[in-house]
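Worksheet: one structure, shown below.
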Amino acid sequence: MSARHQEGLAHLFYGITVGGGFVALTGEVGTGKTTLCHCLLQQLPGDIDLALILNPKLNAVELLAAIVDELGIGYEKTSPTLKNLVDLLNQHLLAVHASGRRTVLLIDEAQNLSFEVLEQIRLLTNLETSKSKLLQIILVGQPELQQLLKQKRLRQLNQRITARYHLLPLSYTETEAYIRHRLSLCNGDEKLFNRSAVRKIYQFSSGIPRLINILCDRALLGAYSSDARLITAKIVKRAAKEVLAAPDSKLSRLAFLSALLALTSVAAIFYYANRTLPPAAPITPKPSSPLVQASATPMPVPLIAAAAKLTQTAAATPSAPSVQFSDWIVNPKFTLSGALRNTLIIWGKQPPAPHPTDCHDAEALMLNCLSGHASWQSILAMNRPVILEFLVAGKQKRYVVLTGLRNRQNVAKFYDQAEFAVAEITRFWTGNYWLLWKSPRSDMKGIYPSYRSENVLWLRQQLNLANNTQEVSENPEFFDPHLKKQVMDFQRQNHLFADGIAGARTILYLDNLTGSTDSPHLNLSD
């Protein structure tokens with residue numbers, strides 16, 4: 001997921017946790033709104049019932065019937081009436097609320113809703129107890145939904161929207177990363193599209209994922225039919241002509257001339273600046289960044305500093321290993337299942353037998369399984385034995401457990417005591433990782449704004465430790481906006497995605513502040 005998609009998903013999570021009112025997620029056609037809905041379904045908290053409506057081109061009675069069907073409520077289907085359906089829904093919501101569960105209604109393609117249906121949906125938010133709303137509603141739609149909600153006759157609904165997010169297309173950098181990622185998932189050559197081809201794809205697609213998919217698919221087909229080994233800008237242009245509407249040639253020429261004029265101006269500025277300005281004095285680097293200077297915070301700042309050091313060229317050259325990493329990593333025994341078993345052993349857990357080990361086995365042993373894509377600095381800052389994914393000759397993937405580092409020699413240590421230069425292993429590392437971790441509290445996997453629990457109290461204590469403060473709240477177990485801002489500040493300082501949600505990686509970083517003595521850590525030595 002791009003940063004934009006992660007932020008959009010965070011807004012959806014906010015919508016299902018705050019309770020009451022509406023959340024609106026909008027975006028251009030093909031930007032990934034429905035994909036976000038399915039991501040939300042996969043990550044729903046266990047105490048939430050979700051009614052998902054993907055085709056809202058219905059009248060009020062049909063929509064209510066669809067909602068009732070989604071929630072598994074029985075009713076007389078031969079002649080349902082609006083009143084009967086609302087009564088049944090209200091009874092169901094009250095029963096669910098009494099059992100400690102919550103209900104969320106998510107409507108995709110909401111720009112197709114008529115005024116009458118939108119008004120009926122608004123009335124559903126009137127189903128409530130004396131203290132809380134019984135139904136949270138999320139509207140997902142194209143930009144036309146924004147214009148629809150601005151109409152004066154829908155002002156009552158518009159005023160009840162508590163969170164809004166507009167999903168933008170991918171940037172050029174994100175487009176390039178997206179193409180490389182999709183190729184790596186199918187064991188393809190990540191350099192199959194050259195830079196000029198990627199630029200053309202971004203130009204024709206404007207960063208919209210659906211169009212990127214279509215263009216890449218047709219370009220692959222074109223390359224296959226012509227027996228080309230590399231996809232170039234010429235192939236992409238031909239693919240665009242086949243699947244997209246032809247651009248206006250006048251507008252294209254105007255854009256080209258504008259770009260040429262801008263480049264000429266920049267070149268002139270640099271030319272005259274170099275002729276008239278005195279030579280620049282050499283820049284003296286600062287001794288260290290503010291992040292590294294914060295020595296009062298024991299973790300994870302030293303690891304971030306170590307990571308920055310390790311990514312630079314080492315002054316000391318490590319002794320040559322007996323075997324090259326490129327030869328060692330091709331061993332077919334380095335599977336993800338095997339790496340997970342080794343990680344469980346490091347945690348002092350008995351791996352299951354005889355079936356292959358996966359994340360479900362780790363969860364059965366009260367460990368959480370975290371995976372994703374990260375930088376080398378982030379891997380070190382999480383400070384746990386971590387499974388790294390490597391791509392070897394033949395585009396096959398291998399998985400080994402990183403257990404430690406020798407800082408002075410820039411050497412990484414693996415589970416079976418093998419050691420290799422960091423510069424060598426990062427040539428083969430895909431950036432993907434799997435990590436097992438144990439929550440500081442048994443029920444803590446994520447802490448969300450507007451939550452109320454003892455986990456929020458733990459979050460406040462850890463942030464006070466991180467900031468060397470002693471802030472006191474009148475309502476310490478409530479995740480209020482001020483606490484969200486503190487979480488975002490901490491995330492920015494530690495190069496995490498600043499969404500204000502204390503997710504797995506944020507919890508890991510905060511847990512490191514107190515040493516997390518019941519968890520194994522990376523073995524760091526000189």
Can you pull out every residue in segment 35-61 that is loosely packed, with under 15 Cβ neighbours inside 10 Å and more than 27 Å from the chain's Cα centre (by Cα)? Lys57, Asn59
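Specify the residue that is surrounded by the fewest Cβ atoms within 10 Å (Cβ to Cβ); the eligible residues are those in segment 325-352 that are in contact with a Phe, Trp or Tyr (Cβ under 9 Å, 6 or more places away or on another chain) and outside any helix (DSSP H, G or I).
Initially, segment 325-352 is screened for residues in contact with a Phe, Trp or Tyr (Cβ under 9 Å, 6 or more places away or on another chain), giving 325-326, 328-329, 334-340, 342-343, 345-346.
Now restrict to residues that are outside any helix (DSSP H, G or I): 329, 334-335.
On the way: Ile329: 25, Phe334: 24, Thr335: 16.
So, considering only residues that are in contact with a Phe, Trp or Tyr (Cβ under 9 Å, 6 or more places away or on another chain) and outside any helix (DSSP H, G or I), the one surrounded by the fewest Cβ atoms within 10 Å (Cβ to Cβ) is Thr335.
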Here is a check on your reading of the model: is Val23 within 24 Å of Tyr165 (Cα to Cα), touching a helix residue (DSSP H, G or I) at 6+ places or on another chain (Cβ under 9 Å) and hydrophobic (A, V, I, L, M, F, W, C)? yes
Counted residues, segment 392-414 - those being at pLDDT below 90 and surrounded by 20 or more Cβ atoms within 10 Å (Cβ to Cβ): 4
Determine which member of the set Arg160, Arg195 is touching a residue at least 60 places away in the same chain (Cβ under 8 Å) and loosely packed, with under 15 Cβ neighbours inside 10 Å. Arg160
Test for Leu367: is it within 24 Å of the chain's Cα centre (by Cα), in the same structural domain as Gln350 (by TED's automatic domain parsing), farther than 29 Å from Asn187 by Cα and surrounded by fewer than 21 Cβ atoms within 10 Å (Cβ to Cβ): yes
Here is a list: Asn455, Asn464. Which entry is free of Cβ contacts under 8 Å to residues at least 12 places away in the same chain and assigned to a helix (DSSP H, G or I)? Asn464
So, Leu185, is that one over 26 Å from Ala51 (Cβ atoms), modelled with pLDDT under 90 and either surrounded by fewer than 17 Cβ atoms within 10 Å (Cβ to Cβ) or of a type in the set (Asp, Glu) (or both) or not? yes
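Restricting attention to segment 353-385, and to residues there that are in a strand (DSSP E or B) and among the small types (Gly, Ala, Ser), which single residue is farthest from Ser519 (Cα to Cα)?
As a first pass, look at segment 353-385 and keep what is in a strand (DSSP E or B): 368-373.
Next, only the ones that are among the small types (Gly, Ala, Ser) stay: 371-372.
Working: Ser371: 17, Gly372: 20 Å.
The qualifying residue farthest from Ser519 (Cα to Cα) is Gly372.
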For segment 402-409, indicate whether the set of residues that are farther than 24 Å from Gln6 by Cα, of a type in the set (Lys, Arg) and out of contact with any Leu (no Cβ under 7 Å at 6 or more places or on another chain) is non-empty. yes
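Which members of segment 472-494 meet the condition of being exposed (fewer than 13 other Cβ atoms within 10 Å of the Cβ) and in a loop (DSSP other than H, G, I, E, B)?
Within segment 472-494, the subset exposed (fewer than 13 other Cβ atoms within 10 Å of the Cβ) is 472, 474-475, 481-482, 485, 492.
Answer for segment 472-494, where residues must be exposed (fewer than 13 other Cβ atoms within 10 Å of the Cβ) and in a loop (DSSP other than H, G, I, E, B): Val472, Glu474, Asn475.
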I'm checking my understanding of the structure. Among residues of segment 115-136 that are of a type in the set (Ser, Thr, Tyr) and touching a residue at least 60 places away in the same chain (Cβ under 8 Å), which one is nearest to Thr162 (Cα to Cα)? Thr125
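The values are calculated or read from the model by the stated rules, or taken from the named source; none is laboratory data. Keep in mind that what you see is a predicted model, and the values were worked out from it rather than measured. With ideal geometry, Cβ positions are generated from the backbone for all residues, glycine too; neighbour counts draw on all protein chains shown.
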